[in-house]
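Participant: Here it is, the structure in full.
The values are calculated or read from the model by the stated rules, or taken from the named source; none is laboratory data. From a predicted model like this one, the values you see are computed outputs, not experimental measurements. With ideal geometry, Cβ positions are generated from the backbone for all residues, glycine too; neighbour counts draw on all protein chains shown. These area figures cover heavy atoms from the full protein model, side chains too; ligands, DNA and RNA do not enter into them. Shrake-Rupley method; radii C 1.70, N 1.55, O 1.52, S 1.80 Å.
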Amino acid sequence: MRKDSALSQEVRIRCAWTRITKWLGENAPSHAEAINPGVSQRLIDAAEEEMATAIPAELRVWLLLNNGSTAKDVLEGSFYQPHPDSAFLPGNKVFLDLRQIVDAYRDFLAGGADWQPEWIPFSQQSDAPYGYFLDTGAGSAQAPVMYFAEAALPKLAFPSLADFLEDTANALEGSGGICALGNRVTYRPITDAGVLRWI
C-alpha cells in the first residue's frame, strides 16, 4: 500500500494496525488472541508520571487501540512467562504492554548502560534485550524507531512508528519482506499451521 504523507502519523498508525490485526485474525488467529484490549488515557498518564517522561502521541494512539500482545502471558511469582503467541512483530518481537514498557524503561535506565530518559521501548524479544524504542529526544517532528541490542549502540531502524507498522502490514499482505534502514537483513513472514514467524 502506498504511503500518504498527507495523513497524520496517528491516522497512519490506526490504518496500519487495523490491517495487521485483520491479517492476524485471518491467517494467524492464535497471535490475534494474544492482543490485549486498549488501555485508558488515565493509565497512560499514570505511566508517564511513573516514568517522569512523556509517552509520545503516536505510542499513545497504538496503546489506546491495543495494550500489547501479552494476553496469554502467565505470571509466575513476580515474573511474567511470555507465551510464544505474543511474538509476531518483525524479528519475532513482542508488542510490550504498558506495564512492560514502564518496567523495561526503568530497568534499562537503572542498568548502568547508556540508556537515555528520552528512549521509550515498545517492542522486545521475549527472552533477550533486543528490540525497538522510540527516540523522543531526536528533535524531529516524529520520534524515529531505533533498534537496540545488548552491548551495541542503537541504530535508526524506521523514520517513525507509522512507517514501522505500515511496512509490517505491507510485508504480511505479501509485498515482500521488511528491512530496517541500514540493515542488510530482510525479515519475511511465514505461517505454518497458523503460527507466524519472521525469517
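Participant: Would you please list the contacts, defined by Cβ atoms under 8 Å and residues six or more apart or on different chains, that run from a residue in the stretch 142-168 that is touching a residue at least 60 places away in the same chain (Cβ under 8 Å) to a residue that is part of a helix (DSSP H, G or I) and of a type in the set (Phe, Trp, Tyr)?
Facilitator: That search, which allows pairs on different chains as well, returns Leu161/Trp62; Leu165/Trp17; Leu165/Trp62.
Participant: Which of the residues that make up the stretch 171-193 are at pLDDT 95 or above, farther than 19 Å from Tyr147 by Cβ and open to solvent by less than 40 Å² (accessible area, probe 1.4 Å)?
Facilitator: If the condition is that a residue be at pLDDT 95 or above, farther than 19 Å from Tyr147 by Cβ and open to solvent by less than 40 Å² (accessible area, probe 1.4 Å), then Leu172 is the only one that fits.
Participant: Between residues in the stretch 6-34 that are part of a helix (DSSP H, G or I) and residues that are surrounded by fewer than 16 Cβ atoms within 10 Å (Cβ to Cβ), which pairs lie under 6 Å by C-beta distance while being six or more apart or on different chains?
Facilitator: Asn27/Thr191; Ser30/Gly194; Ala32/Gly25
Participant: Here's a follow-up. Which residues, taken from the stretch 64-92, are aliphatic (A, V, I, L, M), modelled with pLDDT of 95 or more and open to solvent by 20 Å² or more (accessible area, probe 1.4 Å)?
Facilitator: Leu64, Leu65, Ala71 - these are the residues of the stretch 64-92 that are aliphatic (A, V, I, L, M), modelled with pLDDT of 95 or more and open to solvent by 20 Å² or more (accessible area, probe 1.4 Å).
Participant: Sticking with this one: Among the residues that make up the stretch 50-63, is at least one of them assigned to a helix (DSSP H, G or I), more than 22 Å from Asp167 (Cβ to Cβ) and open to solvent by less than 40 Å² (accessible area, probe 1.4 Å)?
Facilitator: Yes, that holds for at least one residue.
Participant: So which of Ala16, Ala34, Ala28 ends up being surrounded by 21 or more Cβ atoms within 10 Å (Cβ to Cβ) and in contact with a Gly (Cβ under 7 Å, 6 or more places away or on another chain)?
Facilitator: Answer to the selection: Ala28.
Participant: Filter the stretch 97-141 down to residues that are touching a residue at least 24 places away in the same chain (Cβ under 8 Å), assigned to a helix (DSSP H, G or I) and open to solvent by less than 40 Å² (accessible area, probe 1.4 Å) and give me whichever is farthest from Trp62 (Cα to Cα).
Facilitator: Tyr105
Participant: Let me ask another. Could you tell me whether Asp85 is farther than 15 Å from Phe164 by Cα, assigned to a helix (DSSP H, G or I) and either in contact with a His (Cβ under 8 Å, 6 or more places away or on another chain) or of a type in the set (Ser, Thr, Tyr) (or both)?
Facilitator: The answer is yes for Asp85.
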